[in-house]
């Protein structure tokens, strides 16, 4: 009979020990959906990191007689044969007895679906990364370490296309940044606290020396007419509320040089 992944891994786990039920460190989960204007994040099956009905293998990487890596295996039926698949891995990076990094795996145990990290080692998660088919699609970040998400990043083909920010800590997105070709293209602001965009700006690097946006359009100025209530897709053009293009006649003609005296 073929050996399970857990048995094959044992020779490489120095000091490996079977973890007892409930022996892994506890950690606080980050609040991800803090406001009504925040798109709902993918569901996380946290039972995949529960040691109930699982084979748990630990490793003592720094040889201090304490486990710092936990791998969870679930037994499934594959073609009539019982096989163990990896469902979760937890890591204590700084050896303080607290989980700093967690990986959730798919039903086959082959690809990461969710990754959580404690960036400041305080026992609370500050970063969550979601994957679909092995590709990163979304990040949630707590930049001020208050256990509430304040930055959301969205990816297509693992390229950043949109970033949403809660800049005032009220639990709602109030700034939307859109990226084209890896560069910041436009920014939407909520200046009224409504949770919706009411002002748009072009990214400064997309304006020429005259302050005009590419194609002759001028960047939106403070006080411009309200834009759409929902930010447009990253691949869409700027909203129709942008100021009209600057007339070509506005550019002064070059002065004629005076004739030289003979």
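What's log10 of I(q)/I(0) for segment 87-140 at q = 0.22, 0.26 Å⁻¹, Debye sum over Cα points only, no solvent?
Values, matching the q order: -0.79, -0.96.
Report the relative contact order of segment 77-148, percent, no decimals, based on alpha-carbon pairs under 8 angstrom and at least 6 residues apart.
Answer for segment 77-148 is 19 percent.
Could you work out Rg/(2.2 N^0.38 Å) for segment 59-113, with Rg from alpha carbons only?
1.35
Per residue Cα convex hull volume for segment 27-175, in cubic angstrom?
About 125 Å³ per residue, rounded to a whole number.
Provide, in order from the shortest bin, the percent of all Cα-Cα pairs of segment 147-201 in each 10 Å bin, continuing until the bin that contains the maximum pair distance.
With a bin width of 10 Å, the distribution comes to 26, 49, 24, 1.
Laboratory data are not the source of any read-out in this text; all were calculated from the coordinates shown. Please read all numbers here as calculations on a predicted model, not as lab measurements.
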